[in-house]
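A short worksheet on the structure shown next.
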Amino acid sequence: MRFILVDRILELEPGKRITAIKVLPVSEELFRDHFPGFPVVPGVILTEMMAQAAGRCLDAEGTHPGRAMLGKINGAIFREWVKPDQEILLHATITQNRPAYATAECCAEVEGKTVCSAGLFFVFVPYERFAAGHQDEVLLAYWKTHPDARPKPI
Amino acid sequence: MTQTESVAWIAQVFEMTPDQLTPDTHRDNVPAWDSLGVLTLMASLDSDFGIVMTDEDIQAVKTVCDILDVMRRHGKLG
């Protein structure tokens with residue numbers, strides 16, 4: 001399993017809000033164990049999906065000293081089971097956006113129902129820590145279809 | 001906000017109970033007062049009181065009393 005937990009960005013206002021989508025197919029190996037005969041998406045994976053969506057919203061802005069990384073989870077609530085192959089809409093609204101940290105209120109929605117929500121806290125890890133020249137493929141795909149949304153280099 | 005209320009607020013930021021902190025408590029004795037804790041403190045001061053800590057504040061804050069001083073300077077502590 002690759003650890004890209006956002007398939008596609010649907011709406012993006014860099015540094016402010018994002019809506020993205022993810023489907024975990026039943027063929028994913030994790031469903032063999034979580035749980036046998038009762039496959040559901042783990043809460044930690046749902047949380048990571050929301051974090052990856054919010055992180056991309058922050059990274060898309062291009063103004064921070066590094067890449068947004070999840071630092072803290074505040075009050076995550078899991079309300080409904082999410083089954084394999086269900087379309088999961090990921091919503092994040094950035095509530096604080098400072099050079100050293102950011103916070104986001106996030107939720108995941110399936111078939112019109114909120115299945116989980118969390119307040120997430122992000123720190124920024126310097127770009128030098130990552131592979132040189134790495135570019136996020138999900139953001140690149142979004143910018144390919146929304147070229148005007150791409151921030152201009154400073 | 002009174003000093004007692006402020007200490008209780010600081011305790012909540014660092015996931016402690018108010019009786020575990022006094023103004024003299026040093027950051028070395030607060031397990032959650034690490035680099036992430038500093039950012040959490042900054043975010044909480046910002047969201048709850050509209051206080052944006054300066055780089056000097058961040059360097060200077062070593063005890064609960066130092067945080068109270070920041071709050072006092074911004075008029076949030078009576």
Considering A:V138, A:V125, A:V82, which residue is more than 14 Å from chain B (Cβ to nearest Cβ) and not in a helix (DSSP H, G or I)? A:V82
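Table: residues versus (1) more than 30 Å from B:D46 (Cα to Cα); (2) surrounded by fewer than 20 Cβ atoms within 10 Å (Cβ to Cβ); (3) more than 10 Å from the chain's Cα centre (by Cα).
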site	(1), (2), (3)
A:K16	no, yes, yes
A:K22	yes, no, no
A:P25	yes, yes, yes
A:F35	yes, yes, yes
A:G75	no, yes, yes
A:A100	no, yes, yes
A:T103	no, no, yes
Quick check: anything in segment A:105-113 at pLDDT 95 or above, in a strand (DSSP E or B) and within 13 Å of chain B (Cβ to nearest Cβ)? yes
Residues in segment A:141-154 that are in a loop (DSSP other than H, G, I, E, B), over 19 Å from the mean Cα position of the chain (by Cα) and of a type in the set (D, E, K, R) total 1
Search segment A:101-113 for residues that are of a type in the set (V, I, T) and pair each with any residue that is in a strand (DSSP E or B) when their beta-carbon atoms are under 6 Å apart and the residues are at least 6 apart or on different chains. A:T103/A:T95; A:T103/A:Q96; A:T103/A:F121; A:V110/A:I88
Do we have any residue at all in segment A:77-84 that's of a type in the set (D, E) and either over 13 Å from the mean Cα position of the chain (by Cα) or closer than 26 Å to A:P39 by Cα (or both)? yes
Conditions: (1) within 14 Å of chain B (Cβ to nearest Cβ); (2) under 16 Å from the mean Cα position of the chain (by Cα); (3) within 14 Å of A:L58 (Cα to Cα); (4) not aromatic (F, W, Y). A:G119 meets all but one. Number of the miss? (3)
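The values are calculated or read from the model by the stated rules, or taken from the named source; none is laboratory data. The shown structure was predicted, so the numbers you read here are calculated from the model rather than taken from an experiment. Glycine gets a Cβ as well: all are built from the backbone with ideal geometry, and neighbour counts include every protein chain shown.
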